[in-house]
Amino acid sequence: MNYIVFDLEWNQAADEKDKLASSLTFEIIEIGAVKLNESKKKISDFHELVKPQVFLRMNKVTGELIHLSMDQLENCRTFPKVAADFLKWCGSDFVFCTWGSLDLAELQKNMDYYQMPPLSEKTLPFYDVQKLFSIAFEDRKTRRSLQYAVDFLGIKKDAGFHRAHADAYYTAAVIQCITEDAIFCNYSFDTHHLPRNKQEELHIRIGDYTKYISREFEDKLDAMEDRDVISTRCCVCGERTRKKIPWFTNNGKHYYTIVTCKQHGTLKAKIRLRKSENNKIYVIKTMKQVGADVVEDIINKRNLLRQNRREKRHHVTSGGTH
């Protein structure tokens, strides 16, 4: 299997009029990529600028960041032709790798705009190298800029940042610095195409935790009534658990619970409610074994929520006087 490490540059509306005139938010104007073999050795690269068809003026901020002008793009090929050649260059046995999660989503949105065949009809696994860097070298949570990672790892800087081919090259160099194979168990999943039904829903073990990605639901209430969504069976053995802290939310989007398994101890589950491309709701749920520090953090979240609710009720019953 090869690693397709790619980066995109895109333009956006130069003003509100251009923004309202198009269903496309970001128009890709450059594709850069590096192909690594299974040993993570560079074997090929791809780079091409793209002629704009949607936004015919360069957004000022974008132009200053990527140092590209419309004149440089005028004689280039259009996106469908460039993207088709890029995908042909990728081959058949590969995994996409990007810095962050935006590029793969925007590639697919541009492909949809031009009615190109989809990359996949299903939820697509890929490597978010920004996340892999954090897992390999930091605290698993912090998300750094590509330039920070390059400086941290002492990678030689041969070109400026914020151009597609250079950023793809640097991202590939970060991958080559990650020598622990276990890190590459940490796939991310692009949800541009969600599971279409319950049978396609994803139940995945990633390292020391499990992830569940649901189909679409009509709304939040519909999602939170689904048995699979709110299930707290042990992520290790699948047995029933006992609730220590029932599901609660402090913002309406993230739900937490703490449960205990007779065999595997204390576990934390977290539900993230997200809006789909169809303006519906889908769920990403994670579950893992945790220690006392995490339990204390969840208890503090719940207690703060209760305190805020008590203060609001007191404010209402007292007539809101100051």
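Values for this structure:
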item	result
Index of the failed condition, A83 passing every other in (1) open to solvent by 50 Å² or more (accessible area, probe 1.4 Å); (2) in contact with a helix residue (DSSP H, G or I) (Cβ under 7 Å, 6 or more places away or on another chain)	(1)
Of all residues making up the range 124-159, the number that are part of a loop (DSSP other than H, G, I, E, B) and either without any contact (Cβ under 8 Å) to a residue 40 or more places away in the chain or closer than 15 Å to D103 by Cα (or both)	13
Residue match in the range 21-39 (condition: open to solvent by 10 Å² or more (accessible area, probe 1.4 Å) and β-branched (V, I, T))	yes
Any chance I183 is in a strand (DSSP E or B), β-branched (V, I, T) and either surrounded by 12 or more Cβ atoms within 10 Å (Cβ to Cβ) or touching a Lys or Arg at 6+ places or on another chain (Cβ under 6 Å) (or both)	no
Single unsatisfied condition, T98 versus (1) of a type in the set (S, T, N, Q); (2) loosely packed, with under 13 Cβ neighbours inside 10 Å; (3) within 22 Å of Y282 (Cβ to Cβ)	(2)
Any pair with Cβ under 8 angstrom, 6 or more apart, that starts in the range 161-180 at a residue that is at positive phi and ends at one that is buried (at least 22 other Cβ atoms within 10 Å of the Cβ) and charged (D, E, K, R)	H162/E9
Hits in the range 147-159 - residues which are open to solvent by less than 40 Å² (accessible area, probe 1.4 Å) and either within 30 Å of R215 (Cα to Cα) or over 22 Å from the mean Cα position of the chain (by Cα) (or both)	I155
Residues located in the range 66-81, provided they are closer than 24 Å to D128 by Cβ and modelled with pLDDT of 95 or more	F79
Count of residues meeting criterion [acidic (D, E) and under 18 Å from E200 (Cβ atoms)] in the range 219-250	3
The range 209-223: number of residues that are open to solvent by 40 Å² or more (accessible area, probe 1.4 Å), out of contact with any Leu (no Cβ under 8 Å at 6 or more places or on another chain) and not in a loop (DSSP other than H, G, I, E, B)	2
Restricting the range 160-180 to residues that are hydrophobic (A, V, I, L, M, F, W, C), open to solvent by less than 30 Å² (accessible area, probe 1.4 Å) and not in a loop (DSSP other than H, G, I, E, B), the residue that is nearest to T62 (Cα to Cα)	A164
Qualifying residue in the range 125-142 (condition: open to solvent by 40 Å² or more (accessible area, probe 1.4 Å) and closer than 23 Å to D93 by Cβ)	yes
Failed criterion for G160 (all others in (1) over 22 Å from G207 (Cβ atoms); (2) at pLDDT 95 or above hold)	(2)
Residues (open to solvent by less than 50 Å² (accessible area, probe 1.4 Å), closer than 16 Å to H165 by Cβ and among the β-branched types (V, I, T)) located in the range 40-72	V50, I66
Residues that are touching a strand residue (DSSP E or B) at 6+ places or on another chain (Cβ under 7 Å), of a type outside the set (A, V, I, L, M) and in contact (Cβ under 8 Å) with a residue 12 or more places away in the chain, drawn from the range 198-214	E201, D208, Y209, T210, K211, Y212, S214
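The values are calculated or read from the model by the stated rules, or taken from the named source; none is laboratory data. Nothing here was measured: the structure is a model prediction, and the numbers come from that model. Because the Cβ atoms are built from the backbone with ideal geometry, glycine has one as well, and the counts that use them run over all protein chains shown. Heavy atoms of the whole protein, side chains included, go into the accessibility calculation; ligands, DNA and RNA do not. Shrake-Rupley method; radii C 1.70, N 1.55, O 1.52, S 1.80 Å.
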